[in-house]
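Student: Below are the structure tokens for one structure; questions will follow.
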Amino acid sequence: MAMEAKEQVATATAGHTNGAALNGYHDSPSAKPVREPLVLGNKTIHQITEDICGVAEQKATPKFWAALLASMLVAGAGIGALAYTIAVGIGVWGLNNTIGWGWDITNFVFWVGIGHAGTLISAVLFLFRQKWRTAINRSAEAMTIFAVINAAVFVLTHTGRPWLDYWLLPYPNQMKMWVNFRSPLEWDVFAVSTYFTISLLFWFTGLVPDLASLRNRAKSKIAKAGYTIFSLGWTGSTRSWHHYEFAYMIFAGLSTPLVLSVHSIVSFDFAVSILPGWHTTIFPPYFVAGAIFSGFAMVLTLMLVAREILDLHDYITLKHIDNMNKIILATGMIVGYAYAMEFFIAWYSGNPYERFVFINRATGDYAWSYWMMMTCNVFSPQFFWSAKLRRNVWFTFGLSIVVNIGMWFERFTIISTSLHHGYLPSSWHYYTPTWVEITIFVGTFGLFMTFFLLFAKYLPIIALGEIKSIMPGAQPSHHHHDDHGEHGDYYQSGHYVDNEDAVKKHN
Amino acid sequence: MSTLAQGNVIAVMGDFKDPNKVTAAAKGIHEAGFTKFDIHTPYPVHGLEKAMGMPKTSLPKFALAGALFGLASAFALQWWTGAYEYKLNIGGKPLFAPQFGTPVFFELTVLCTGLTVFFTMFGYLCRLPNWHSKYQYDAGFQAATDDNFCVVLEADDPRFTTETAQALLAKLGAADVRVVHEAIEQD
């Protein structure tokens with residue numbers, strides 16, 4: 001911690017003595033260092049290439065292989081449990097007649113939610129011109145894709161006969177039957193598959209120029225071939241960048257409402273039903289806020305580890321951690337508000353069933369789960385009012401895990417408390433998962449880490465092209481907007497100010 | 001291992017490091033009347049495409065077409081399957097209504113727009129994938145994915161002669177102005 005602070009001071013001093021240096025501050029001599037630099041260590045554009053490509057070019061360390069092996073073993077256990085489930089049937093799970101959704105749907109909602117931070121960082125923060133996103137957007141987007149894959153594992157196996165999952169799609173068949181578009185479960189099929197496809201295209205589009213950087217540096221034949229194929233022959237042509245930037249903006253514009261729609265539609269799975277505790281209009285915004293909350297926590301968990309292992313301290317700085325913690329605090333408060341509002345409405349509606357469900361939620365059989373959720377999601381983020389704690393790496397790491405535990409319990413609480421005491425007291429029941437469900441869930445973390453480690457090792461973990469474009473001095477001088485704060489205009493075409501004067505002055 | 005022999009002149013290239021100078025150079029080349037030229041940069045330099053005299057991208061038109069197609073197909077799919085082809089009464093709900101159709105309207109609109117933008121941008125507007133570039137053996141050209149702004153004046157431009165191109169780039173302040181020959185692979 002102390003070392004980083006010193007580093008920043010050193011950078012600031014260098015910035016004053018050498019105005020033209022790429023130090024993160026605006027280069028006008030009168031300017032004061034009001035903002036922390038986004039990238040530390042006075043990097044040149046070439047150094048950024050060296051640093052980021054270096055991660056992919058270095059020989060994998062034994063630590064990496066050990067981590068990969070461990071992740072794969074955990075994933076393997078999960079896959080084994082999945083195979084067992086598919087072979088025997090979902091009777092091996094702890095579900096019963098009353099509680100038909102348990103850990104399966106809890107985990108589905110949990111993983112879909114995790115993905116939301118990636119899209120939020122890549123799309124929403126892009127539209128809001130938050131330059132700091134460039135250090136973390138690539139890995140957050142990757143995380144989105146891996147999280148949605150994990151979500152799909154649950155939602156595709158909980159159908160019971162996953163080999164018939166194509167029945168979820170509208171296709172002409174011998175029974176002349178079509179899917180039921182009146183069901184929110186069918187909306188979910190469209191929402192999650194669209195989300196996955198668009199996230200993948202967005203991620204890949206972002207990767208292409210960076211893969212070209214790796215291609216031009218690759219030494220080994222296999223690496224060269226791989227990077228060549230996937231970089232599509234990108235050359236950095238301005239005639240291509242021109243279209244590319246616009247496509248990037250359209251993707252951001254598409255993903256922004258998309259990310260809000262996905263968890264809204266997931267929440268419809270509950271809200272469109274008639275069960276007390278589920279049938280509420282607050283669900284869509286409440287689910288979306290929770291998704292962003294848990295997603296940012298997961299980004300932090302992963303990025304703090306990657307920052308240490310891959311030595312990305314100059315790129316993922318305390319400023320990034322601070323900013324993400326602020327988002328966690330804000331969304332945590334929204335989630336807390338939603339919890340309170342649910343209780344208020346249960347009382348205010350005068351509906352005895354609603355009232356019962358909520359009193360039961362806080363004091364009944366699953367009260368332990370409810371209070372776990374409250375502690376982790378509502379009380380613990382309050383520590384982030386302190387700037388000191390927001391910038392404490394270890395504290396942040398710990399809290400990010402606590403938040404994700406809390407968000408898992410939120411979904412579990414919602415699902416199990418409403419189901420286990422429904423309208424018919426004679427059907428009331430309790431649910432505990434079996435080892436199979438637990439193994440599958442733990443296994444998805446292994447799968448997630450396996451994907452993430454492979455990504456971090458072989459692909460540019462930081463968006464090279466984007467981070468270069470926001471370096472001070474990287475853009476023609478008429479485009480220096482740093483004086484107005486952080487709303488940079490990188491990757492935005494059609495934003496041309498006639499630069500004749502600027503150019504004249506420069507030459 | 002194949003070796004490379006030199007063929008005809010295919011381009012004159014020059015390098016820049018300063019975004020202001022390369023923008024001025026783009027303007028200069030455009031004003032000199034060149035049309036077949038390109039500037040390869042490691043990241044998008046703002047205003048460069050305008051300085052080069054490029055028209056606005058036609059991508060939004062394709063995106064709109066994709067969006068309308070997606071919306072229309074979502075409407076057709078839900079109406080045709082539910083209210084026309086196989087009418088199934090489920091809880092007395094209407095066979096088709098825009099209220100329940102909205103999520104799928106939205107998702108298919110986004111999906112079709114995204115796919116259209118992706119394939120149009122790479123496949124049609126950027127002409128990719130194209131795994132071989134005739135310039136790829138030039139070190140300065142390769143460095144354009146690192147930190148170099150590489151200006152390429154193509155030989156098939158009507159105004160191109162090796163001398164005029166070299167003189168123009170030198171006048172605009174390019175470093176390492178060089179004549180690039182076609183590379184012919186020999187066994």
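Student: Give the dimensionless ratio obtained when the Cα radius of gyration of chain B is divided by 2.2 N^0.38 Å.
Tutor: Working: Rg = 25.2 Å, N = 187, 2.2 N^0.38 = 16.1 Å.
Dividing the Cα Rg of chain B by 2.2 N^0.38 Å gives 1.57.
Student: Next question. Going by average Cβ density within 10 Å per residue, which order do the peptides B:100-111, A:176-187, A:258-269 take, highest to lowest?
Tutor: A:258-269, B:100-111, A:176-187
Student: A follow-up question, please. If Lys and Arg each add +1 and Asp and Glu each add -1, what is the summed charge of the other residues whose beta carbon sits under 13 Å from the beta carbon of A:Phe395?
Tutor: With Lys, Arg at +1 and Asp, Glu at -1, the net is +2.
Student: Separate question: Assuming a viscosity of 0.890 mPa s and a temperature of 25 °C, what translational diffusion coefficient in µm² per second does Stokes-Einstein assign to the stretch B:59-125, Rh being the Kirkwood radius over Cα pairs?
Tutor: The diffusion coefficient I find is 190 µm²/s.
Student: Using only helices, what value at 222 nm comes out for chain A when you add -39,500 (n - 2.57) per DSSP H run of length 4 or more and divide by the total residues, to the nearest 500 deg cm²/dmol?
Tutor: Only helices count here, giving -21500 deg cm²/dmol.
Student: Working from the pairwise distances between different alpha carbons, so that the mean of 1/r is found and then inverted, what is the stretch A:33-474's Kirkwood radius in Å?
Tutor: About 23.1 Å, per the Kirkwood formula over Cα pairs.
Student: With a Förster radius of 60 Å, plug the Cβ-Cβ distance of A:Trp163 and B:Glu31 into 1/(1 + (r/R0)^6) and report the FRET value to the nearest 0.05.
Tutor: 0.40
Student: Determine, for each peptide in B:84-97, B:29-42, the mean count of other beta carbons within 10 angstrom over its residues, then list the peptides with the highest first.
Tutor: B:29-42, B:84-97
Student: Using R₀ = 22 Å, calculate the FRET efficiency as 1/(1 + (r/R₀)^6) where r is the Cβ-Cβ separation of A:Thr98 and A:Thr281; round to 0.05. Provide the component values of the computation, followed by the final result.
Tutor: Values: r = 26 Å, r/R0 = 1.17.
Step by step, r from the Cβ atoms, then E = 0.30.
Student: On to the next question. Angle between the Cα long axis of helix A:45-57 and the longest principal axis of chain A, 0 to 90 degrees, nearest 10?
Tutor: Tilt relative to chain A: about 40 degrees.
Student: Treating the beta-carbon of each Lys and Arg as +1 and of each Asp and Glu as -1, no other charges, what is the dipole magnitude of the protein assembly as shown about its Cα centre, to the nearest 20 debye?
Tutor: In total the dipole reaches around 540 debye.
Student: A follow-up question, please. So how do A:347-357, A:223-233 stack up, highest first, on mean other-Cβ count within 10 Å?
Tutor: A:223-233, A:347-357
Student: Scaled to the compact-protein estimate 2.2 N^0.38 Å, what is the alpha-carbon radius of gyration of the stretch A:34-144, rounded to two decimal places? Please list the in-between numbers first.
Tutor: On the way: Rg = 21.0 Å, N = 111, 2.2 N^0.38 = 13.2 Å.
Normalised by 2.2 N^0.38 Å, the Cα Rg of the stretch A:34-144 equals 1.59.
Student: Is there a simple number for the mean count of other chain Cβ atoms within 10 Å of the Cβ of residues in A:174-182, and what is it?
Tutor: Details: counts 0, 1, 3, 4, 8, 5, 6, 14, 13.
Counting Cβ atoms of other protein chains within 10 Å of each residue's Cβ and averaging gives 6.
Student: For chain A, calculate the relative contact order in percent as a whole number, restricting contacts to Cα pairs under 8 Å that are 6 or more residues apart.
Tutor: 28 percent
Student: While we're here: Please give the average number of partner chain Cβ atoms lying within 10 Å of the Cβ of each residue in A:223-236, rounded to a whole number.
Tutor: Averaged over the peptide's residues, the number is 5.
Student: For helix B:59-79, report the angle its Cα long axis makes with the longest principal axis of the Cα atoms of chain B; keep it between 0 and 90° and round to the nearest 10°.
Tutor: It works out to around 20 degrees.
Student: Please work out the C-alpha center-to-center distance from the stretch B:91-131 to the stretch A:212-278 and express it in whole Å.
Tutor: Here the answer is 15 Å between Cα centres.
Student: Over the Cα atoms of the stretch A:264-398, what is the Rg over Rh ratio if Rh follows Kirkwood?
Tutor: 1.07
Student: What are the lysines whose alpha-carbon lies under 29 Å from the alpha-carbon of B:Lys61, with same-chain residues fewer than 8 places away excluded?
Tutor: A:Lys131, B:Lys27, B:Lys36, B:Lys50
Student: Taking the Cα atoms only, what angle lies between the long axis of helix A:137-157 and the longest principal axis of chain A, rounded to 10 degrees?
Tutor: For A:137-157 against chain A, the angle is about 20 degrees.
Student: In Å and on Cα atoms, what radius of gyration and Dmax does the stretch A:188-284 show?
Tutor: 19.7, 62
Any read-out appearing in this document is the output of simple, stated calculations on the displayed coordinates, not a laboratory observation. Keep in mind the model is a prediction, meaning the values are calculated, not measured. Every residue, glycine among them, receives a Cβ derived from its backbone with ideal geometry; neighbour counts consider all protein chains shown.
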